[in-house]
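The values are calculated or read from the model by the stated rules, or taken from the named source; none is laboratory data. Please read all numbers here as calculations on a predicted model, not as lab measurements. Note that we place each Cβ from the backbone using ideal geometry, even for glycine, and neighbour counts take in every protein chain shown. Just so you know, the surface numbers come from the protein's heavy atoms only, side chains and all, with ligands and any DNA or RNA stripped out. Shrake-Rupley method; radii C 1.70, N 1.55, O 1.52, S 1.80 Å.
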Amino acid sequence: VLVEHGTLLFPAPGFGVARFSSLREDRQVAYLESWQKSRLLQRRLVFVSLRAILTMGYFADPAVLRALGLAPRALTTPVIEADLLWPRIGASPESIALRREDVTAGPDGLSLGVEGPLHPGYEARG
């Protein structure tokens with residue numbers, strides 16, 4: 001609301017009093033830059049906060065992470081002998097469901113590179 005109606009409090013030079021969403025794209029960019037470069041600390045803080053929120057939303061999109069090569073890979077973890085010794089946090093030792101015959105060999109040369117299958121939640125849909 002503050003950015004949308006901010007022109008009432010902080011009219012942008014040459015833009016007049018108009019809602020942010022009604023400005024042309026080039027004027028929206030210039031108006032946001034005026035918030036970024038403002039002499040008032042509060043306006044700069046609003047800009048930084050808005051940028052942080054939008055950046056978090058942008059980088060939360062699996063398609064963006066795939067395009068950047070940052071999407072997590074699917075890893076198959078082996079069952080090792082230490083898994084037979086300790087229960088999950090807060091559980092009793094009787095809750096250990098794994099037995100010695102469940103121990104598996106680890107994958108040969110576990111690769112954490114950019115190749116390999118993606119984690120199921122980050123695969124492309126459609």
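Points worth noting:
- Residues within the range 49-83 that are of a type in the set (A, V, I, L, M) and within 25 Å of residue 1 (Cβ to Cβ), tallied: 6
- Screening the candidates 116, 106 for the property of being within 30 Å of residue 59 (Cβ to Cβ) and modelled with pLDDT under 85 yields one hit, 116.
- The range 8-30, subset surrounded by 13 or more Cβ atoms within 10 Å (Cβ to Cβ) and outside any loop (DSSP other than H, G, I, E, B), residue modelled with the lowest pLDDT: 12
- For the range 36-90, taking the residues that are touching a Pro at 6+ places or on another chain (Cβ under 7 Å) and small (Gly, Ala, Ser), the one that is least open to solvent (accessible area, probe 1.4 Å) is identified as 71.
- Among the residues listed as 38, 49, the single one being part of a loop (DSSP other than H, G, I, E, B), among the hydroxyl-bearing types (Ser, Thr, Tyr) and modelled with pLDDT of 85 or more: 38
- Taken together, the criteria place residue 96 among residues that are at pLDDT below 90, over 26 Å from the mean Cα position of the chain (by Cα) and surrounded by 11 or more Cβ atoms within 10 Å (Cβ to Cβ).
- Any hit, the range 72-90, residues being assigned to a loop (DSSP other than H, G, I, E, B) and either in contact with a strand residue (DSSP E or B) (Cβ under 8 Å, 6 or more places away or on another chain) or in contact (Cβ under 8 Å) with a residue 60 or more places away in the chain (or both): yes
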